[in-house]
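Participant: This is the structure I have questions about; it appears just below.
What follows is calculated from the coordinates using simple rules that are stated; it is not laboratory data. Values in this document were obtained by computation on a predicted structure and should not be read as measured data. Glycine gets a Cβ as well: all are built from the backbone with ideal geometry, and neighbour counts include every protein chain shown.
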Amino acid sequence: MLLSLRKARFRPLDALIILACLALVAFVAYRVIYRLEYRANWAAIPQYLFRRDADTGRLVPNYLIEGLVTTLRLSVWATLLALLVGAVVALLRTSRSLFLRLVGSSYVEIVRNLPPLVLIFIFYFFAVDQIMPLLGVEAFVASRSPGALRVIAFFAADRSLLTQFVSGVITLAFFEGAYFAEILRAGIESIERGQREAAYSLGLSPLDEMRFVVMPQVIRRVLPALANEFVNTVKYSSIASIVSIQELTFMGRQVVVATRAIFETWITVSLMYMTLTLTLSLLTGHLESRLRRRG
């Protein structure tokens, strides 16, 4: 307790670390500018953040901002679906049935022990060829009114990109669902056996026991970990760029092709990702602090 209350002091070692970091930055800048003979063109980047609309004259989002918004939408929907998948798999893994436990364990072990890139390729093309026709996304979109399409575009993607967007969401959710499942499984197994026995003695069915006794406590215990996994989903969403999902990394590649400003573009993209993930991390830390105080 006394250690946690002790104020942080600036020590000579801290100064050395800061100087070493500055020296590393200066060395990299020197190598880029003088050894690679690379001429920076930062003036080309702002126009790909925002552009002026030809009809209204207003500033509207351009490639990079549109990619950032798509990344956020993709991450939110993928997280919600992954949470659903994870909850189902967690229940399978904690089931009394050996067969159900094997099914859940197989899914988790396959996803966690294969490279994400390979899984993305396999499942994306499976989703496009098999799942999307079953969901009838294209027929659903074709039958919507213009007002409904504007709402769909605001919360998901434009009509022309909706099929790819939904495929990307399903793919990311399939991958992230294994990690959410492990978090929820650990939460379920952390509930004391006495509470479950008390629920059984009160005559609660297994479903009611899970709904009213187990899951409310599980959510409270694992909520910080779930929030951290949402941050990871944002970072993993960059993998979706390889299957033509127009998120931030995909848009960054388009800007590089158009401007040849390689370092400027990827530094800007990195800062945008960092801003998003750091904001989410700070919110997660605040959530953990509040739950700790309540506990």
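Participant: Considering segment 198-208 alone, what residues qualify as being outside any helix (DSSP H, G or I) and of a type outside the set (A, V, I, L, M, F, W, C)? Explain how you work it out, then say what you get.
Facilitator: Of all residues in segment 198-208, those outside any helix (DSSP H, G or I) come to 202-205.
Gly203, Ser205, listed by residue number.
Participant: State all residues of segment 149-162 that are farther than 15 Å from Glu247 by Cβ and either exposed (fewer than 11 other Cβ atoms within 10 Å of the Cβ) or within 22 Å of the chain's Cα centre (by Cα) (or both); if no residue qualifies, say none. Before the answer, list the steps.
Facilitator: Going residue by residue through segment 149-162, those that are farther than 15 Å from Glu247 by Cβ are 149-155, 159-160.
Selection gives Ile152, Ala153, Phe154, Phe155, Ser160.
Participant: Out of the residues in segment 198-224 meeting the condition of being among the aliphatic types (A, V, I, L, M) and closer than 14 Å to Ala87 by Cα, tell me which one is surrounded by the fewest Cβ atoms within 10 Å (Cβ to Cβ).
Facilitator: Step one: filter segment 198-224 for residues among the aliphatic types (A, V, I, L, M), giving 198-199, 202, 204, 207, 210, 213-215, 218-219, 222-223.
Still in the list and also closer than 14 Å to Ala87 by Cα: 207, 210, 214-215, 218-219, 222-223.
Details: Leu207: 8, Met210: 19, Val214: 19, Met215: 17, Val218: 22, Ile219: 12, Val222: 20, Leu223: 17.
Among those residues, the one meeting the criterion is Leu207.
Yes/no per residue for (1) more than 30 Å from Phe155 (Cβ to Cβ); (2) in contact (Cβ under 8 Å) with a residue 40 or more places away in the chain:
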residue: Phe27; (1), (2): yes, no
residue: Tyr34; (1), (2): yes, no
residue: Ala40; (1), (2): yes, yes
residue: Gly57; (1), (2): no, no
residue: Thr79; (1), (2): no, yes
residue: Arg96; (1), (2): yes, no
residue: Ser105; (1), (2): yes, no
residue: Val111; (1), (2): no, yes
residue: Pro115; (1), (2): yes, no
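Participant: For Phe155, only one of the following conditions fails: (1) free of Cβ contacts under 8 Å to residues at least 24 places away in the same chain; (2) within 16 Å of Leu74 (Cα to Cα). What is its number?
Facilitator: Result: Phe155 fails condition (1) only.
Participant: Let me ask something additional. How many residues, within segment 103-148, are over 25 Å from the mean Cα position of the chain (by Cα), among the hydrophobic types (A, V, I, L, M, F, W, C) and either surrounded by fewer than 11 Cβ atoms within 10 Å (Cβ to Cβ) or not in a helix (DSSP H, G or I) (or both)?
Facilitator: So the count comes out to 3.
Participant: Got a number for residues in segment 243-271 being within 16 Å of the chain's Cα centre (by Cα) and surrounded by fewer than 19 Cβ atoms within 10 Å (Cβ to Cβ)?
Facilitator: Residues meeting the conditions: 1.
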